[in-house]
Amino acid sequence: MNLDTNTLLIIAGAIIVLVLLVVILARSSKQRVQISQTETRPVATTARAIDLAEGRGVADEGAAAAKDVAGQILGVEAHPIVSEADGPPDNLQALKGVGPKLAAQLNAAGITRYDQLARLSANEIALLDERMGAFKGRLARDRVGDQAAYLARGDTEGFEAQFGKLGGAA
C-alpha cells in the first residue's frame, strides 16, 4: 500500500489531535472543585468534629455539595469545625494576637481550649478564619494554631522561643 504525503499528514494530524484530547481530558479530571461558603453563620456552641471525608474525590465533593445545600435549606451548620472541649477552658488571650473580642468570638465558635486550636488543620483554620468577621485573617497571620500547640502540650519555653514572652497567664 502506497500512501501519499497528504494522507500521511492527515493521519499525523488526527493522531496529534487525539493525543491532545487525551491530555486535556486527563488534566481536567484532576482538577478539584472548591466549594466555598460565602455566607457566614456562627458555629453552634456545641462543637462537633469536622467532616474529614470532604475533598477526597469527585464522590466526596458531590456529597459535600449536597450537604452544603441541605444545610442551607434546613438552616443548620453543614461544616462544623471544632471538636468538643475536654476539660476547663484555657486563657485564649495568652495567645499572641488574641484579645478579649477575638477570644469571645472563638468561644462563641466552641473553641475554649488550646488543644482544640492545635488540632485544627490549615484548611480548618482557614474555614474558621472566614467566620471571624473583623478579625478575618488573624488566626492564620498570627499562627494561632501553632501557638496553641505549644501551650496545649505545656511547652512554654518553646512558645517563648518561637513567639516571644507569653502574654496572659496560660
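No value in this document is a laboratory result; all are computed from the given coordinates. Note that the structure is predicted; figures quoted are calculated from it, not measured. Note: ideal-geometry Cβ built from the backbone for every residue, glycine included; neighbour counts use all protein chains shown.
By the count of other C-beta atoms within 10 Å, a proxy for reagent exposure, VAL98, VAL22 are ordered fewest to most as VAL22, VAL98. Estimated at 0.36 nm per residue, the fully extended path between GLU160 and ARG138 surpasses their Cα-Cα distance by 6.0 nm.
Sort the following peptides by mean Cβ neighbour count (other Cβ atoms within 10 Å, averaged over residues), highest first: 139-145, 10-16.
Values: 139-145: 18.7, 10-16: 10.4.
The most tightly packed comes first, giving 139-145, 10-16.
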